[in-house]
Amino acid sequence: MNSTSHRFFRFVCVLGAAALIGACATPGAVPATIQPALAKLAEPYADGLRKAGVTSVMVYGNGARVRVASTLGEVYFRYPSGIAATEFALYMGNKDIEVDSDTFNAANSAQYEAAMKVILPEAIKWTTSNNTQKLQERNSGGGGGGR
């Protein structure tokens, strides 16, 4: 194997290792067990979430970030410090909320309630701010590659 082939082989190996590491760093599976008790905890925030255009809130058990999907894009923010890790997926319907979690149970319901009391208002705040910025960009003609 000549020097050029050897460098190319090393490059491919490094690239493959980087891809593997990146794949391992992605969030786990999306929670799938419907939890009506969590939907009731989220209900007081439903109007605010709808007004902000939130379609879903994903909280992964690793406690790193919260992902919020809205009609104007996605927003990410850090999982609040000082709150026990939780894992749930909240989906907004026109008239209802579905919250799924594979780790929620009666014994940890207090930590989920505490998390929602912080995370859902933050989701509304961050999404509203993002939407305002996006609309300002659209109205000023900025923020895009033009079509």
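Okay, here's what the table says:
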{"quantity": "Condition met for residue 132 (over 12 Å from residue 38 (Cα atoms), more than 16 Å from the chain's Cα centre (by Cα) and either in a strand (DSSP E or B) or among the hydroxyl-bearing types (Ser, Thr, Tyr) (or both))", "calculated": "yes"}
{"quantity": "Residue count for the range 84-125, restricted to those that are among the aliphatic types (A, V, I, L, M) and part of a helix (DSSP H, G or I)", "calculated": "11"}
{"quantity": "Where residue 43 falls short, out of the listed (1) out of contact with any helix residue (DSSP H, G or I) (no Cβ under 8 Å at 6 or more places or on another chain); (2) at pLDDT below 95", "calculated": "(2)"}
{"quantity": "Subset tally (residues that are of a type in the set (Ser, Thr, Tyr) and assigned to a helix (DSSP H, G or I)) for the range 26-68", "calculated": "1"}
{"quantity": "Residue within the range 82-100 that is among the small types (Gly, Ala, Ser), closer than 18 Å to residue 118 by Cβ and surrounded by 12 or more Cβ atoms within 10 Å (Cβ to Cβ) present", "calculated": "yes"}
{"quantity": "Positions within the range 85-101 being more than 17 Å from residue 62 (Cα to Cα) and out of contact with any Ser or Thr (no Cβ under 6 Å at 6 or more places or on another chain), in sequence order", "calculated": "93, 94, 95, 96, 97, 98, 99"}
{"quantity": "Criterion violated by residue 137 - all others in (1) of a type in the set (Asp, Glu); (2) at pLDDT 95 or above; (3) surrounded by fewer than 17 Cβ atoms within 10 Å (Cβ to Cβ) satisfied", "calculated": "(2)"}
{"quantity": "Residue match in the range 111-126 (condition: without any contact (Cβ under 8 Å) to a residue 24 or more places away in the chain and either surrounded by 12 or more Cβ atoms within 10 Å (Cβ to Cβ) or in contact with a strand residue (DSSP E or B) (Cβ under 6 Å, 6 or more places away or on another chain) (or both))", "calculated": "yes"}
{"quantity": "Residue satisfying condition, being surrounded by 20 or more Cβ atoms within 10 Å (Cβ to Cβ) and touching a residue at least 12 places away in the same chain (Cβ under 8 Å), within set 72, 41", "calculated": "41"}
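The rows are residues; the columns are (1) more than 30 Å from residue 137 (Cα to Cα); (2) touching a Pro at 6+ places or on another chain (Cβ under 6 Å); (3) modelled with pLDDT of 95 or more.
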{"position": "18", "(1), (2), (3)": "yes, no, no"}
{"position": "21", "(1), (2), (3)": "yes, no, no"}
{"position": "35", "(1), (2), (3)": "yes, no, yes"}
{"position": "71", "(1), (2), (3)": "no, no, no"}
{"position": "91", "(1), (2), (3)": "no, no, yes"}
{"position": "97", "(1), (2), (3)": "yes, no, yes"}
{"position": "102", "(1), (2), (3)": "yes, yes, yes"}
{"position": "112", "(1), (2), (3)": "yes, no, yes"}
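The values are calculated or read from the model by the stated rules, or taken from the named source; none is laboratory data. Just so we're clear, the structure is a prediction, and the values are computed from it rather than from any experiment. Positions of Cβ are backbone-derived with ideal geometry, glycine not excepted, and every protein chain shown enters the neighbour counts.
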